[in-house]
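Novice: Quick one: the structure is below, and I'll ask about it shortly.
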Amino acid sequence: MAASQTSLFSVHLTPDRGYAVFANAPIKKGTLLLSETPLIRIHKTHYLNHDVVTAYNKLSPSRQQRYWTLASAHGQDSSRYPDQIYFSVPEKEKKRIEEQHEARTAGEKSILSIFMTNAMECDKGAAVFEVAARFNHSCVPNAHFAWCEGLGREMIFAIKDLGVGEEITLSYCDPFYDISMRRWELQHYGFVCECIACTDIETPGSFGQQSKDRRWRLREIDDSFDVQPSADMKLKMGIEMVSLMAREGLCTPNLAHTYLQIARISADKGDMHTAVKAAKHALENYLICLGKDSEKTKNAEKSLRAFTKQLPEEKVKAAGPGTASGVMKNGVKA
Ligand SMILES: C[S@@+](CC[C@H](N)C(=O)[O-])C[C@H]1O[C@@H](n2cnc3c(N)ncnc32)[C@H](O)[C@@H]1O
């Protein structure tokens, strides 16, 4: 595991979660923790066993050896999964589901089971990264991973301030999923999450119980946001989402995205002061989660600049750093 030690974090074996990643020093949110090229990459989102085996066979013997050290969520109880595939599912998709089910329930780890356990989505495909694969899951993650196609690298950023020895976690599933959807998703990785959002869910007043309601509401709003015709209603929903995410401790790009939506709706309504304030929050959060090179960050920066130009002169001064001129002065731009 020598390659996994950096000045920022170390990888250690835990008693109950396999390897895990821990902060070596206090780390500020927005810090780039890891930038890594793939060990193996498939240029298809819906890959078959054949695609993974073909890519594996092209690896050097030493890379193949390292691949086999990674975790595998095989050996699962098949009764926890449906025993039939819906009749209208296309043949190729049926084959993919069957192959993955077999890999997951087999007694031995396989090239496919390792890939499925560790793969991260890339542009039109998936890849496994030797170090990034060691980060465990939390539904309230303190780090975020994103593929940067321009750099051909997986980037992991701290999205909260981290203390020495703190485990660094990522979310393997959409944080807006409610608890039953998250449990279903995480079952595929062969574990039951015991994070703060997943425990004590029946205890009145506990974080877990409140979280259950909040995530359910987040999903409900997220599902209906785009089809909501009223701008005022959308604004209200956006503000509620931000508040729910803050209470959940979810500082993921969804938060930045929601701020940007609030900014755009406010700008459409002519409320440029709110638009600028919300766009500043969006930019700040995209910078923390995705860094300055991300297209999403650059778009937020563009929106902020556009909205600031429409502010009356005296409000530009009041809005201060982070507005169109502030962006340059404060070095947010590369
Ligand atoms: C991508 S790997 C993460 C690193 C892994 N622990 C290792 O030893 O290499 C995913 C696997 O880690 C374990 N894992 C991840 N998050 C977990 C969690 N919150 N609780 C228990 N096990 C977890 C599961 O076995 C899962 O299949």
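The values are calculated or read from the model by the stated rules, or taken from the named source; none is laboratory data. Quick caveat: nothing in here was measured; it's all calculated off a predicted structure. Here the Cβ positions follow ideal geometry from the backbone for every residue, glycine too, while neighbour counts run over all protein chains shown. Note: accessible area is taken over every heavy atom of the protein model, side chains too, but ligands, DNA and RNA are not part of it. Shrake-Rupley method; radii C 1.70, N 1.55, O 1.52, S 1.80 Å.
Novice: Rounding to the nearest 20 debye, state how big the charge dipole of the chain is about its Cα centre with +1 on each Lys and Arg Cβ and -1 on each Asp and Glu Cβ.
Specialist: 1100
Novice: For the range 207-329, what is the accessible area per residue in Å², given a 1.4 Å probe and the full set of protein chains?
Specialist: Ligands and nucleic acids excluded, the figure is 50 Å² per residue.
Novice: Counting only other residues whose beta carbon sits under 11 Å from that of T37, what net charge do I get with K and R as +1, D and E as -1?
Specialist: After counting each charged neighbour, the total is -1.
Novice: Let me spell out the model: positive unit charges on the Cβ of Lys and Arg, negative unit charges on the Cβ of Asp and Glu, origin at the Cα centre of the range 207-329. What dipole size does that give, in debye rounded to 20?
Specialist: 280
Novice: Would you mind classifying the range 241-300 by shape? Square roots of the alpha carbon gyration tensor eigenvalues, ordered a ≥ b ≥ c; an a/c under 1.5 is rounded, otherwise it is prolate if a/b is larger than b/c and oblate if not.
Specialist: Judged from the Cα gyration tensor, the range 241-300 comes out oblate (a/c at least 1.5, b/c at or above a/b).
Novice: What shape does the range 178-317 take by its C-alpha gyration tensor, where a ≥ b ≥ c are the square roots of the eigenvalues and a/c under 1.5 counts as rounded, a/b above b/c as prolate, and the rest as oblate?
Specialist: Verdict is prolate for the range 178-317.
Novice: Could you work out the local net charge near A119, counting Lys and Arg as +1, Asp and Glu as -1, over the other residues with Cβ closer than 12 Å to its Cβ?
Specialist: Net charge around A119: -1.
Novice: For a test of understanding, tell me how many lysine pairs in the range 26-163 have Cα atoms under 16 Å apart, given they are 8 or more places apart or on different chains.
Specialist: Within the range 26-163, the lysine pair count is 5.
Novice: Positive end of the dipole of the chain, charges at C-beta (+1 Lys, Arg; -1 Asp, Glu), about the Cα centre: which of G190, A256, I97 has its Cα farthest in that direction?
Specialist: So the residue furthest toward the plus end is A256.
Novice: With every atom except the alpha carbons ignored, what do you get for Rg and Dmax of the range 2-187, in angstroms?
Specialist: Cα-based Rg and Dmax for the range 2-187 come out at 17.0, 53 Å.
Novice: Given C173, G205, P82, which one lies farthest toward the positive end of the charge dipole of the chain, if we put +1 on the Cβ of every Lys and Arg and -1 on the Cβ of every Asp and Glu?
Specialist: Going by the charge dipole, the pick is C173.
Novice: Would you mind getting the accessible area per residue of the range 50-105, heavy atoms of the protein chains only, 1.4 Å probe, in Å²?
Specialist: Each residue of the range 50-105 exposes 69 Å² on average to a 1.4 Å probe.
Novice: Give, as a single signed number, the net charge of other residues whose beta carbon lies under 13 Å from the beta carbon of G163, with Lys and Arg counted +1 and Asp and Glu -1.
Specialist: 0
Novice: Rounded to the nearest whole Å³, what is the per residue volume of the convex hull around the Cα atoms of the chain?
Specialist: 165
Novice: Now for a separate question. Considering only DSSP beta bridges with both partners in the range 2-187, what is the antiparallel share in %, to the nearest 5?
Specialist: Beta bridges within the range 2-187, antiparallel portion: roughly 90 percent.
Novice: Could you look at the chain and say what percent of its accessible area is carbon and sulfur, using a 1.4 Å probe and all protein chains?
Specialist: Ligands and nucleic acids excluded, carbon and sulfur reach 53 percent.
Novice: The range 281-309 to the range 183-225: how many Å between their Cα centroids?
Specialist: Centre-to-centre (Cα) distance: 29 Å.
Novice: Go through 249-258, 263-272, 281-290 and give me the packing order, highest mean Cβ count within 10 Å leading.
Specialist: Going by the mean number of other Cβ atoms within 10 Å, highest first, we get 281-290, 249-258, 263-272.
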